[in-house]
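S.K.: Pasting a structure below so you can have a look.
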There are 2 protein chains.
Amino acid sequence: MKRLGKLVVVGVGLIGGSFALALREAGGVERVVGVGRSKETLEQARRLGIIDEAAFDFECAREADMVMLAMPVGQTRAVLARLAPHLGPATVVTDAGSTKADVVTAAREVLGSALERFVPGHPVAGTEHSGPDAAFAELFEGRRVIITPLAETAPPALAKVRAAWEACGAQVQELPPQMHDQVLALVSHLPHLLAFALVDQVARHEQRERLFAYAAGGFRDFTRIASSHPEMWRDICLANRAAVLAELARYQEHLGELQRALEAADGACLEAVFTRAREARNRWLEERDRGTDGKRSE
Amino acid sequence: MKRLGKLVVVGVGLIGGSFALALREAGGVERVVGVGRSKETLEQARRLGIIDEAAFDFECAREADMVMLAMPVGQTRAVLARLAPHLGPATVVTDAGSTKADVVTAAREVLGSALERFVPGHPVAGTEHSGPDAAFAELFEGRRVIITPLAETAPPALAKVRAAWEACGAQVQELPPQMHDQVLALVSHLPHLLAFALVDQVARHEQRERLFAYAAGGFRDFTRIASSHPEMWRDICLANRAAVLAELARYQEHLGELQRALEAADGACLEAVFTRAREARNRWLEERDRGTDGKRSE
């Protein structure tokens with residue numbers, strides 16, 4: 001990739017911080033400016049070598065080659081609106097939000113002529129940790145990044161964002177924004193909701209101490225994503241709530257079927273569901289490992 | 001512990017196999033006989049050094065110091081009934097079933113005078129893999145084993161089973177059988193049901209290939225337990241279905257609350273649930289790591 005002169009990262013946590021670190025490590029950027037709400041967080045990011053400089057407004061965007069938005073997705077419209085007047089004529093704007101239709105709508109409403117240099121994206125990677133100290137340069141290696149370009153998106157802007165992600169080690173793929181949101185609703189957003197709900201059920205239980213005492217590895221892994229950032233996940237659920245509600249309704253129907261099977265002591269039905277799920281999951285893991293030459297064995 | 005002369009393991013898969021391997025490694029047993037339904041599985045266990053000898057009936061129990069039942073829990077009553085006439089006067093019987101009230105009921109009904117040498121147990125450990133080749137000697141290191149003794153249980157029998165588990169590296173604790181089942185329903189059985197249901201929802205979806213293609217690490221960990229043994233989990237759900245149904249009903253109510261919050265775009269409610277869950281989970285992890293001196297950092 002052509003080395004970026006100046007990158008502005010809005011939100012220097014797990015995703016924004018890892019993007020900056022990965023690009024730096026690949027020699028893909030000269031100077032990184034971090035923008036954020038909290039002085040402490042920006043100072044922490046500077047100490048960790050994620051950013052060179054902190055800023056609290058968007059003046060810094062004027063000479064930027066790229067602006068990466070990596071704050072909770074609910075702030076996207078407000079940030080784009082504040083950012084728009086400061087964008088230089090060649091500045092490309094991209095984001096890392098976990099939902100895309102809402103981001104695209106906001107961009108259309110507030111970016112004006114800069115819309116053609118806006119490239120909506122979503123790295124399908126992360127951990128349950130958040131903040132600058134959770135960031136690491138290898139986060140995107142071998143992971144997918146979904147770009148949801150608009151009809152208006154200028155090919156050079158798209159190429160620049162694609163090249164940056166590839167420099168981070170990611171595999172870039174394109175999807176329409178609506179389809180992105182439908183897919184992620186079921187394989188990411190719903191599981192987060194389910195995990196939060198289960199941990200909360202234990203936490204609200206009168207026997208919670210005993211319950212946690214006997215929770216083991218299965219519970220730990222099932223609920224790992226319930227340690228994720230609450231504000232970020234609130235925003236994702238709200239931004240994609242139509243699709244999340246549709247999948248949640250299907251899931252509740254599905255649980256209703258299992259409930260009736262349990263009530264009827266219908267072992268054959270339970271075993272059929274469990275077997276189908278196990279086979280599908282094991283097949284997925286095999287294909288996944290094959291697709292990445294076993295690189296993603298974690 | 002006093003070395004066992006002869007151990008009979010019924011079901012030489014992940015749990016039974018690991019128990020035999022761990023006891024052998026600790027020098028806690030002289031000779032292990034495996035009993036099972038499948039000649040191939042028993043032969044595999046012999047090749048893997050799990051058992052010394054295979055058997056297809058319970059004649060072998062007569063001179064055994066201990067019989068460990070580690071087959072799917074739905075077979076417990078039938079196995080105990082077949083085993084009872086062959087038990088020697090000093091043979092201690094224990095089990096590793098994930099449910100305990102049903103096992104205790106079955107034991108009371110079929111064991112007769114041998115009931116005082118029956119020690120119901122449950123190692124709270126496992127992986128999503130099954131079969132003899134999934135077994136390993138370290139499985140129980142630092143893990144909890146719950147014993148649910150009966151009023152009739154003879155103290156020497158209890159001591160023998162406790163010593164065997166401690167030789168495997170486990171921490172032994174006692175709970176009444178009903179309480180065991182209630183606790184495990186929420187922190188183990190319900191999560192398995194939920195994970196199976198989610199994977200099945202993806203597998204039944206018309207877009208399943210695209211969905212699996214974009215499923216990432218969060219989905220992988222959330223659904224790890226959906227790769228578990230279907231027959232085993234059918235039996236567990238059936239054996240503990242009253243408690244599982246009760247927790248499932250509460251969970252569905254809880255999901256209903258989240259659904260209404262989503263419909264109303266009530267971000268504050270969502271964030272409150274997510275925050276409570278995250279804090280509870282992180283506190284649990286901290287206490288868990290402290291409790292085991294960081295030994296269980298996996």
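S.K.: Check A:VAL172: other-chain or 5+ apart residues with amide H under 5 Å from its amide H, H built from backbone geometry?
M.R.: Distant-sequence amide H within range of A:VAL172: A:VAL145.
S.K.: If you average the sequence gap of Cα pairs under 8 Å that are 6 or more apart and divide by the length of the stretch B:158-298, what percent do you get for the contact order? Write out the running numbers ahead of the final one.
M.R.: On the way: 47 pairs, mean separation 31.1, N = 141.
That works out to 22 percent.
S.K.: Note down the magnitude of the dipole of the protein assembly as shown about its Cα centre, charges +1 on Lys and Arg C-beta and -1 on Asp and Glu C-beta and zero elsewhere, to the nearest 20 debye.
M.R.: Numbers: 72 positive and 80 negative charges, 74 e Å.
Roughly 360 debye for the protein assembly as shown.
S.K.: List the residue from chain B whose beta-carbon is nearest to the axis that rotates chain B onto chain A, together with that distance in whole Å.
M.R.: For the rotation taking chain B to chain A, the closest Cβ gives B:ASP221, 2.
S.K.: Something else now. Between A:ALA55 and the same site in the other copies, what are the distances in nm, shortest first, taking label points 7 Å from Cα along the C-beta direction?
M.R.: In nanometres, ordered from closest: 7.9.
S.K.: For the modelled label position 7 Å from the Cα of A:ARG283 along Cα-to-Cβ, which residues of the stretch B:191-218 have backbone nitrogen atoms closer than 14 Å?
M.R.: Those under the cut-off are B:199-213.
S.K.: Average the reciprocal distances over every distinct pair of alpha-carbons in chain B, invert the result, and give the Kirkwood radius in Å. The partial results should precede the final answer.
M.R.: Values: mean 1/r = 0.0484 Å⁻¹.
Kirkwood hydrodynamic radius for chain B: 20.7 Å.
S.K.: At A:ALA159, label 7 Å along Cα→Cβ: distances to the other copies, nm, ascending?
M.R.: Once sorted, the set of distances for A:ALA159 reads 8.1 nm.
S.K.: So for the pair A:GLU138, A:ALA265, with labels modelled 7 Å out along Cα→Cβ, what separation do we get in nm?
M.R.: 5.2 nm
S.K.: After finding the eigenvalues of the alpha carbon gyration tensor for the stretch A:193-280, what semi-axes result from the square roots of 5 times each, listed largest first in whole Å?
M.R.: After scaling each eigenvalue by five and taking roots: 25, 21, 13 Å.
S.K.: Still on this structure: In chain B, if the dipole is taken from +1 on Lys/Arg beta carbons and -1 on Asp/Glu beta carbons about the Cα centre, which of B:ALA163, B:GLN259, B:LEU194 is farthest to the positive end?
M.R.: Value computed over the given set: B:ALA163.
S.K.: Among B:LEU175, B:VAL92, B:MET71, whose Cα projects farthest towards the positive end of the dipole of the stretch B:51-200, with charges put on the beta-carbon of Lys, Arg (+1) and Asp, Glu (-1)?
M.R.: Result: B:LEU175, furthest along the dipole toward the positive end.
S.K.: Further question: Rank A:GLN207, A:GLN173, A:GLN44 by mean-square fluctuation in a GNM of chain A with C-alpha springs under 10 angstrom and give only the top-ranked residue.
M.R.: Result for chain A, Cα springs under 10 Å: A:GLN207 fluctuates most.
S.K.: I've got another one for you. So which GluC sites (Glu not before Pro) in the stretch B:194-292 end up in coil per DSSP with only 16 or fewer other C-beta atoms within 10 Å?
M.R.: Working: sites: B:GLU206, B:GLU209, B:GLU231, B:GLU247, B:GLU253, B:GLU257, B:GLU263, B:GLU271, B:GLU279, B:GLU286, B:GLU287; in loops: B:GLU206.
Filter output for the stretch B:194-292: B:GLU206.
S.K.: Take a quick pass over the protein assembly as shown and tell me how many lysine pairs come in under 20 angstrom between Cα atoms, counting only ones 8 or more apart or on separate chains.
M.R.: Numbers: A:LYS2/A:LYS160; A:LYS6/A:LYS160; A:LYS100/A:LYS160; B:LYS2/B:LYS160; B:LYS6/B:LYS160; B:LYS100/B:LYS160.
The result is 6.
S.K.: Something else about it: Between copies, how far does the label point of B:LEU285 sit from its twins, in nm, shortest first, when each point is 7 Å from Cα along Cα→Cβ?
M.R.: Computed spacing set for this position: 2.1 nm.
S.K.: Residue by residue through the stretch B:39-44, which ³J(HN,Hα) values in whole Hz follow from phi under the Karplus form 6.51 cos²θ - 1.76 cosθ + 1.60 (θ = phi - 60°), with glycine and proline marked x?
M.R.: Per residue, the Karplus-derived 3J(HN,Hα) values read 4, 5, 5, 5, 5, 4 Hz.
S.K.: Can you give the Rg to Rh ratio for the protein assembly as shown, taking only C-alpha atoms and Rh from Kirkwood? Mind dumping the intermediate values first?
M.R.: Details: Rg = 27.2 Å, Rh = 25.9 Å.
Using Cα coordinates only, the ratio equals 1.05.
S.K.: About its Cα centre, how strong a charge dipole does the stretch A:178-298 have in debye, to the nearest 20, once Lys and Arg get +1 and Asp and Glu get -1 at the Cβ? Write out the running numbers ahead of the final one.
M.R.: Numbers: 17 positive and 19 negative charges, 42 e Å.
Charge dipole of the stretch A:178-298: 200 debye, to the nearest 20.
S.K.: Next up: Separation of the stretch A:6-33 and the stretch A:102-138 by C-alpha centroid, Å?
M.R.: Going from one Cα centre to the other spans 13 Å.
S.K.: Hey, with R₀ at 30 Å, roughly what FRET efficiency would B:ALA249 and B:GLU40 work out to, going by the Cβ-Cβ distance, to 0.05?
M.R.: Values: r = 41 Å, r/R0 = 1.38.
Plugging the Cβ-Cβ distance into 1/(1 + (r/R0)^6) gives 0.15.
S.K.: With θ set to phi - 60°, apply the Karplus curve 6.51 cos²θ - 1.76 cosθ + 1.60 along the stretch A:192-203 and write out the HN-Hα couplings as whole Hz, x wherever there is a Gly or Pro.
M.R.: Couplings: 4, 4, 5, 5, 4, 5, 5, 4, 5, 4, 5, 5 Hz.
S.K.: Among A:THR275, A:THR91, which comes first, second and so on when ranked by fewest other beta-carbon atoms within 10 Å? Numbers along the way, then the final one.
M.R.: Values: A:THR275 17, A:THR91 20.
In increasing order of surrounding Cβ atoms, one gets A:THR275, A:THR91.
S.K.: Given Cβ point charges of +1 (Lys, Arg) and -1 (Asp, Glu) and nothing else, what value in debye, to the nearest 20, does the dipole of the stretch B:160-242 about its Cα centre take? Intermediate results must be reported in sequence, preceding the final value.
M.R.: On the way: 9 positive and 9 negative charges, 20 e Å.
Taking the Cα centre of the stretch B:160-242 as origin, the dipole is about 100 debye.
S.K.: Based on the Cα gyration tensor of the stretch A:41-192, what are the three equivalent ellipsoid semi-axes, each the root of five times an eigenvalue, rounded to whole Å and given largest first? Walk me through the numbers on the way to the answer.
M.R.: On the way: eigenvalues 93, 88, 46 Å².
The equivalent ellipsoid of the stretch A:41-192 has semi-axes of 22, 21, 15 Å.
S.K.: Moving to a separate point now. For the stretch B:108-205, state what percent of all Cα-Cα pairs lands in each successive 10 Å bin, counting from 0 Å until the bin that includes the largest distance.
M.R.: 14, 33, 33, 15, 5, 0
S.K.: ³J(HN,Hα) across the stretch A:135-147 via Karplus (A = 6.51, B = -1.76, C = 1.60, θ = phi - 60°), whole Hz, x for Gly/Pro?
M.R.: Result, rounded to whole Hz: 6, 8, 5, 8, 3, 9, 4, x, 8, 8, 10, 9, 9.
S.K.: Once both labels are modelled 7 Å past Cα along the beta-carbon direction, what's the B:GLU166-A:LYS2 spacing in nm?
M.R.: Spacing of the two 7 Å Cα→Cβ label points: 7.2 nm.
No lab work stands behind these numbers, since they all come straight from the coordinates. Note that the coordinates shown come from a computational prediction; the quantities given were computed from them, not determined experimentally. Positions of Cβ are backbone-derived with ideal geometry, glycine not excepted, and every protein chain shown enters the neighbour counts.
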